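Read-outs throughout are calculated quantities, based only on the coordinates presented, and are distinct from any laboratory measurement. Predicted model, so just to flag it, every value in this text is computed and none were measured. Counting neighbours? That spans all protein chains shown, and the Cβs are built from the backbone with ideal geometry, glycine included.
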Amino acid sequence: MSDLANSTATISRESAITCRGVGKVWLPDTPRAYEALRGIDLDVKPGEFVVLLGPSGCGKSTLLFLIAGLESPTEGEIRSFEKPVTEPAPERALIFQQAALFPWLTVGQNVAFGLSLGGVPAAERKQAARDALQRVGLAEAATKRPTELSGGMRQRVAVARALAMRPKVLLMDEPFAALDVQTRAKMQDFLLDVWRDSTASVLFVTHHIDEAVALADRVVVFTARPGRIKTIVPITLPRPRDPFSPECAALRIALTDLLKAEVDAAFAEQEGL
Ligand SMILES: Nc1ncnc2c1ncn2[C@@H]1O[C@H](COP(=O)(O)OP(=O)(O)OP(=O)(O)O)[C@@H](O)[C@H]1O
């Protein structure tokens, strides 16, 4: 593990998310027990943009689920702003690859849905939904149904739904993976704008090295399963980043080298299953 990764092992009072010795075994104490994650130490600062990069099956989504509070670690501890994470909370919003909107509700109702679960009064919900849709540039779409929108627009609605909850941490699991290359690039710019206007931290899972270089303050590179932190690469280039610049090219090469051995190991294991 790099010095940078090691340096995160001390408790920081500033952390939006703190993981200490986090491990996850799926189906423990059964013949199908499966160790997905081991010994994860990670601090995410308020307002920081952290990308999780690693081979398929190394436990990136598992880590997001644990941080979201949808699953519990089998080892270690996760804290959010010093409080142990024991269940989902509006301050930690999860956004998936597929927008998972309710087709029978309008866009505005979808965005307001989470607030209704929280008991927010109707007028306040409507206003919060309007504000959130404005922020993602879809104010005009409030009365449409999700089926009337493109894939990129649906993902913006999913982001608006998360923003309406005023999260302190946005957990994004390959949110743009299903989109075409041009739409993905637009969505990355859009996300950076939204993130700049909020004070939220972002944890963003991707397979795409170019996406990591475009977005991250730090890239957390995982090993093959069981996922451990191999190294953490800080990116200090100002945004927007020119993907054709020598600096971005050098980062892509470095990250490709770091990932290569892990991807080979993951493939070898999957072939042996
Ligand atoms: N609910 C579950 N029950 C049992 N095993 C699971 C469960 N969820 C994930 N796993 C296993 O844990 C391992 C890690 O999965 P995870 O989805 O976290 O990896 P990932 O790095 O996000 O993969 P990918 O990049 O392919 O999406 C996989 O082998 C997967 O089969």
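For the reader, a short list of remarks on this structure follows.
- Computed extension length for ASP131-GLU271: 45.5 nm, one decimal, from 0.36 nm per residue of separation with the Cα-Cα distance subtracted.
- Reach of LYS45 by Cα under 28 Å, taken over lysines that are not fewer than 8 positions away in the same chain: LYS24, LYS60, LYS83, LYS168, LYS186, LYS230
- One chain, two ends: ALA254 and ARG239. Fully extended at 0.36 nm per residue, the span grows by 3.5 nm beyond their Cα-Cα distance.
- Sites listed here are GluC sites (Glu not before Pro) in the range 42-106 whose DSSP assignment is loop and whose Cβ has at most 12 other Cβ atoms within 10 Å: GLU82.
- For the chain, size of Cβ-based charge dipole, Lys and Arg +1, Asp and Glu -1, in debye: 760
- Helical mean residue ellipticity (222 nm; -39500 (n - 2.57) per DSSP H run of 4+; nearest 500) of the chain: -12000 deg cm²/dmol
- For the range 142-243: Kirkwood Rh in Å [reciprocal of mean 1/r, alpha carbons]: 15.0
- For the range 226-270 versus the range 55-126, the gap between their alpha-carbon centres in whole angstrom: 27
- The C-alpha radius of gyration of the chain, expressed as a fraction of 2.2 N^0.38 Å, stands at 1.01.
- Among the trypsin sites (Lys or Arg not before Pro) in the range 12-111, those located in a DSSP loop and surrounded by at most 10 other Cβ atoms within 10 Å of their own Cβ are ARG13, ARG32.
- The calculated FRET efficiency for the pair SER72 and ASP189, based on their C-beta separation and a Förster distance of 30 Å, comes to about 0.25.
- Per-residue extension of 0.36 nm, minus the Cα-Cα distance of LEU27 and LYS45, leaves a gain of 3.3 nm for this segment.
- Rg [Å, one decimal], Dmax [Å, integer] - the range 104-166, C-alpha atoms: 10.4, 31
- Length-normalised contact order for the range 104-166 - Cα pairs under 8 Å, 6+ apart - percent: 49
- Along the chain, counting only chymotrypsin sites (Phe, Trp or Tyr not before Pro) with a DSSP assignment other than H, G, I, E or B and at most 12 other Cβ atoms inside a 10 Å radius, the longest segment between sites is 105-243.
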